[in-house]
Structure formats: C-alpha cells, structure tokens
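The values are calculated or read from the model by the stated rules, or taken from the named source; none is laboratory data. Model, not experiment: these values are computed from the prediction. Note that each Cβ is placed from the backbone with ideal geometry, even for glycine, and that neighbours are counted across all protein chains shown. Just the protein is used for accessible areas: all its heavy atoms, side chains included, with ligands, DNA and RNA removed. Shrake-Rupley method; radii C 1.70, N 1.55, O 1.52, S 1.80 Å.
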Amino acid sequence: MMDKVLEEEKKQKEIVEQVQRLEFPYSLILDKVYIQGKRLVKVADEMGYDYKHMCYKHKIALKKFDDLDK
C-alpha cells in the first residue's frame, strides 16, 4: 500500500513540474484549475478574462501541456 502512495506522490510531483515548464499564462491557468482545484469561471475572474476567453486559453494550455513530451 505504501508503494502505491509513493508512486502516486511521484506522479503528482511530475505533473506539477510539467505544468511549471509551460509559459505564462498557461502554467498559471493549469495550476489554478488542476492543482488548486478552482473552477474555470473563478480562474477567469481572478485573471481578468471573460469566461469564453478563459475556455479558449484553457484549451491552448491543455494542448501545450500535452505537447511537452512529444
């Protein structure tokens, strides 16, 4: 059981490191949504974007994250 916990912690750390490799604002968007657990509408408000624009930026952030290891 402890091995599984350690493996999950290692995966989480790797994901955080990958998010941090992205440029601003994409790293911040993914951090707020997936690490801090905030809703996209809240992140949009905090960053001064309207919700539709945040959806667009979020889509780009996910694509950039996906492309990191390619």
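List of remarks:
- For the stretch 19-36, filtering for residues that are touching a Leu at 6+ places or on another chain (Cβ under 8 Å), aliphatic (A, V, I, L, M) and open to solvent by 20 Å² or more (accessible area, probe 1.4 Å) leaves 1.
- Residue count for the stretch 16-32, restricted to those that are without any contact (Cβ under 8 Å) to a residue 40 or more places away in the chain and touching a Lys or Arg at 6+ places or on another chain (Cβ under 7 Å): 4
- Residues located in the stretch 1-53, provided they are closer than 22 Å to Asp66 by Cβ and assigned to a loop (DSSP other than H, G, I, E, B): Leu22, Glu23, Phe24, Pro25, Gln36, Gly37, Lys38, Arg39, Tyr49
- Long-range neighbours under 6 Å by Cβ, at least six apart or interchain, first residue on the phi < 0 side of the Ramachandran plot and free of Cβ contacts under 8 Å to residues at least 24 places away in the same chain within the stretch 42-57, second among the hydroxyl-bearing types (Ser, Thr, Tyr) and open to solvent by 60 Å² or more (accessible area, probe 1.4 Å): Ala44/Tyr51
- Here is the figure for the stretch 39-70: residues that are open to solvent by less than 60 Å² (accessible area, probe 1.4 Å), within 12 Å of the chain's Cα centre (by Cα) and either farther than 19 Å from Gln20 by Cβ or not aliphatic (A, V, I, L, M) (or both) total 4.
- Scanning the stretch 58-68 for residues that are out of contact with any Phe, Trp or Tyr (no Cβ under 8 Å at 6 or more places or on another chain) and in contact (Cβ under 8 Å) with a residue 12 or more places away in the chain gives His58, Leu62, Leu68.
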